[in-house]
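The structure under discussion appears below in the form of structure tokens.
The values are calculated or read from the model by the stated rules, or taken from the named source; none is laboratory data. Computed from a prediction, not measured in an experiment: that's the story for all the values here. Here the Cβ positions follow ideal geometry from the backbone for every residue, glycine too, while neighbour counts run over all protein chains shown. With ligands, DNA and RNA removed, areas are computed over all heavy atoms of the protein, side chains included. Shrake-Rupley method; radii C 1.70, N 1.55, O 1.52, S 1.80 Å.
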Amino acid sequence: MTPALLWLIAGVLLVAAEVLSGEFVLVMLGAAALGAAGASALGAPLPVDAVVFAVLGLGLIFIARPALKRRLTQPLELKTNVDALVGKRAVAESTVDVHGGQVRIDGAVWSARALDETQVIEAGQSVVVIEIAGATAVVSAEL
């Protein structure tokens, strides 16, 4: 058997074995073995194949695997309604203090009050929506 065929078989077996582990290590090693099979098929000697396997394997395990795991384990969080407004930037339409005022959030005018009771936000000033309390946006001035 040629080295390219052996690398190819090893790569396919490692990728198939990943189904049992689910940790993305074997699939990364399988991809590295497939890369080494490609190098061998292009006529590279066995030591070069081994270096290709090692470099690809380490690179995939330490760079691609963590990013892939983060991407697949993050819950899909879709904020809707008033939850989507928290953290948004808005513009004060009138003076906003602890007693009230108005802000424009995404083109809509909302009743608002300042989060900090000592803060007075002038019309035209940028604010951040901290929370939505009923129909009132609780905001804080941007620094």
Fill in: Contour excess over end-to-end distance, with Cα ends at Ala67 and Ala133 and 0.36 nm allotted per residue
20.1 nm
Worksheet item: Per-residue accessible area for Phe62 at 1.4 Å probe radius, Å² rounded to 10?
Response: 150 Å²
Practice prompt. With +1 on each Lys and Arg Cβ and -1 on each Asp and Glu Cβ, and nothing else charged, work out how big the dipole of the chain is about its Cα centre, in Debye to the nearest 20.
Written response: 540 debye
Worksheet item: Taking a probe of 1.4 angstrom, what is the accessible area of Trp7 in Å², to the nearest 10?
Response: 50 Å²
Fill in: List Leu76, Leu42, ordered by accessible area with a 1.4 Å probe, largest first
Leu76, Leu42
Worksheet entry | For the chain, accessible area per residue (1.4 Å probe, heavy atoms of protein chains only), Å² | 62 Å²
Item to complete: Report the FRET efficiency, 1/(1 + (r/R0)^6), for Val120 and Thr80, where r is their Cβ-Cβ distance and R0 is 30 Å, rounded to 0.05.
Response: 0.40
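Rounded to a whole number, what % of the accessible area of the chain do carbon and sulfur atoms account for, probe 1.4 Å?
Answer for the chain is 65 percent, counting heavy atoms of protein chains only.
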Practice prompt. Just reorder Glu122, Glu142 by solvent-accessible area, largest first, 1.4 Å probe, all chains present.
Written response: Glu122, Glu142
Practice prompt. Enumerate the calculated ³J(HN,Hα) couplings along the stretch 72-77 in order (Karplus 6.51 cos²θ - 1.76 cosθ + 1.60, θ = phi - 60°), each rounded to whole Hz, writing x wherever the residue is Gly or Pro.
Written response: 7, 9, 6, x, 7, 10
Worksheet, complete the sentence: From most to least accessible, 1.4 Å probe, no ligand or DNA/RNA atoms counted, Ile132, Ile121 line up as Ile132, Ile121
Discussion item. How much of the DSSP bridge set in the chain is antiparallel, in percent, rounded to the nearest 5?
Written reply: 80 percent
Discussion item. Students often get this wrong, so try it: which of [x] -0.67, -0.72, -0.78, -1.08; [y] -0.66, -0.77, -0.87, -1.47; [z] -0.76, -0.85, -0.93, -1.26 is log10 I(q)/I(0) by the Debye sum over Cα atoms at q = 0.14, 0.15, 0.16, 0.21 Å⁻¹ as calculated from the structure shown?
Written reply: [x]
Worksheet item: Any idea how far apart Leu58 and Leu46 come out in nm if each label point goes 7 Å out from Cα toward Cβ?
Response: 2.2 nm
